[in-house]
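K.L.:
The structure's right below; bear with me while I get my questions together.
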Amino acid sequence: MIKSREQDIIDSFSSLTDRVVGNMDVLELTAELAQDCARLLDVAAAGLLLADAGGVLHLLAATSEEARNLELFMLQRDEGPCLDCYHTGEAVNVADLSTQTARWPRFTAAAADQGFASVHAIPMLLRGDTLGALGLFGTTPGALGETDLALAQGLAHVASIAIVQSTTRADRDEVLPALQAAITSRAVVETAKGVLAHIHGITMQEAFTALRDTARKYNRQLADIAREVIANAPPTSRQLGKSSPASPGPKNVP
Amino acid sequence: MAEGWDVVRDGLTAAVGGSGTARAVAKQLCLACVDLLGMQGAGLWLVTGDSTGHSLSRCGVVTASLEWSQFSAGKGPCWEAVETASFVTAPDLTGADSARWPAFTAAAAAGGVRAVFAMPVTVAGVPMGALYLCRSRPGRLTGPAQSGAFLAGELAALPLLDLIAETRSVAVGSPPSTRSDIGWLTRSEVYQAVGMITAQLGVHPAEAMLRLRGHAFAHDLTVSQVAFQIIERQLQLDDDGTGTDGWHDLDGWPESGGGL
């Protein structure tokens, strides 16, 4: 039986909030959240961008792990709807990207190259601060309805709460270490994807899946598994400072 | 002293934007941290392969004996920042934080240091060292000072990489970088390519990053363009044998620059 959309939405929120209150891994939760966004909002691609201390946007999670797909998010450090959304703290809705070539010349060209026609950027908010933005890409022109925008904002709120949940207070001073830690974790995961892609001749998507499955299997953080993969990269492992910890995990996944 | 965010950001970025050796740039960054973040001392160190630290620069109340208290005991705020890959904060060394690192805390007290903050300095997510800040009064790091500390931790990757490039210039080429632009260091495709080079050549991610930069410079491409060539399997960087032997043991790798 096919699940109703309403049931699907309830299931997604339920699964996400279970993870937030349980022992969750921010990277895994936000990766799942990106998939939920794409499916529930019927967009082709979704990704979360988080700002560092200097206000530079970093990719935290996306529906695709391939570098060419991530590039569209990276590009928005310089220009694009997610950057504008981050700066204003308000949603940026572009039903037809071809009308915005003067506003974001490089971004619109890159988006068109990849077959995207519409984009919506939703702020990740916490109290008075904007932490980053959720970007939603569609392959056909069209605006999201009010209900869908509200749903997108709800999902973005879950992401914000997940990232800062380890902190007791919720001002910028308190959450900044958590934001930086999430950004560093994502970097090490990207690097480990490269290690696995080379060793096993697999795609970046397959490499991410292998890391995630291993983290789940051993009930460990994705970033910890990633660090061990890098430390054990053949032919000679090169970890500065210390050897990798002797803890349950693979001697190189998959 | 509390500076506004714009002043802090511009000052820290300018500190790493000048020309000069890696050590000179590291010194400028440490001095800027003291000036702009209300600190009495700052230091930058690199972790080396034999589980010791290598001091790249220090200023103010950060003395050789304070650093030695971390090296010799094998623990302290810098070790913790590197091992956990996260921000370490000890806002009250004579109070709540006094028992964390006894040797370091004793040396800190002797130098009038009441609070210490350490940021891991990472390349492609892998910690290479730490930037640490010392203050003579206790208290949390807040506002522009905290944001500035994180920014300084990111910027510190540039002199660390330059130091390795200087000491291993035969192996990696020595392209001059636009030091104030840290953007190329923190892109998804660059991390992925660094991972691939790391696995292929069996080198540390920091050297993989330098090889990527060196190839981009030699071929007049951006680092991002070279990263995509590697990810898409159009390019493999050669283990060309020019001085790579030295990389098979990283112990004490950047020792040529004057040391402590």
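The values are calculated or read from the model by the stated rules, or taken from the named source; none is laboratory data. Since this is a predicted model, take the numbers as computed values, not measurements. Glycine also receives a Cβ, built like all others from the backbone with ideal geometry; neighbour counts cover every protein chain displayed.
K.L.:
Would you check if B:R179 is surrounded by fewer than 24 Cβ atoms within 10 Å (Cβ to Cβ), touching a helix residue (DSSP H, G or I) at 6+ places or on another chain (Cβ under 7 Å), away from chain A (no Cβ under 14 Å) and at pLDDT below 90?
P.N.:
When the stated conditions are applied, B:R179 passes them.
K.L.:
Going through A:A67, A:A51, A:A31, A:A46 one at a time, which residue ends up being buried (at least 20 other Cβ atoms within 10 Å of the Cβ), among the small types (G, A, S) and touching an Asp or Glu at 6+ places or on another chain (Cβ under 6 Å)?
P.N.:
Just a single option satisfies the conditions, and that option is A:A67.
K.L.:
Kindly provide the set of residues from the range B:120-144 that are more than 11 Å from chain A (Cβ to nearest Cβ) and either in contact (Cβ under 8 Å) with a residue 40 or more places away in the chain or part of a strand (DSSP E or B) (or both), ordered by number.
P.N.:
Within the range B:120-144, the subset more than 11 Å from chain A (Cβ to nearest Cβ) is B:131-139.
Listed by number, the residues that qualify are B:L131, B:Y132, B:L133, B:C134, B:R135, B:S136, B:P138, B:G139.
K.L.:
To continue, here is another question. Just one of the numbered conditions (1) within 14 Å of another protein chain (Cβ to nearest Cβ); (2) more than 30 Å from B:F150 (Cα to Cα); (3) among the aliphatic types (A, V, I, L, M); (4) touching a residue at least 12 places away in the same chain (Cβ under 8 Å) is not true of A:A197; which one?
P.N.:
Condition (4) is where A:A197 drops out.
K.L.:
Checking the conditions here, which among B:F104, B:F117, B:F87 is of a type in the set (F, W, Y) and at the interface with chain A (Cβ under 10 Å from one of its Cβ atoms)?
P.N.:
B:F87
K.L.:
Counting residues that are surrounded by fewer than 23 Cβ atoms within 10 Å (Cβ to Cβ), which strands (runs of 3 or more DSSP E) fully inside the range B:1-108 reach at least 1?
P.N.:
Values: elements: B:41-47, B:53-60, B:88-90.
So the answer is B:53-60, B:88-90.
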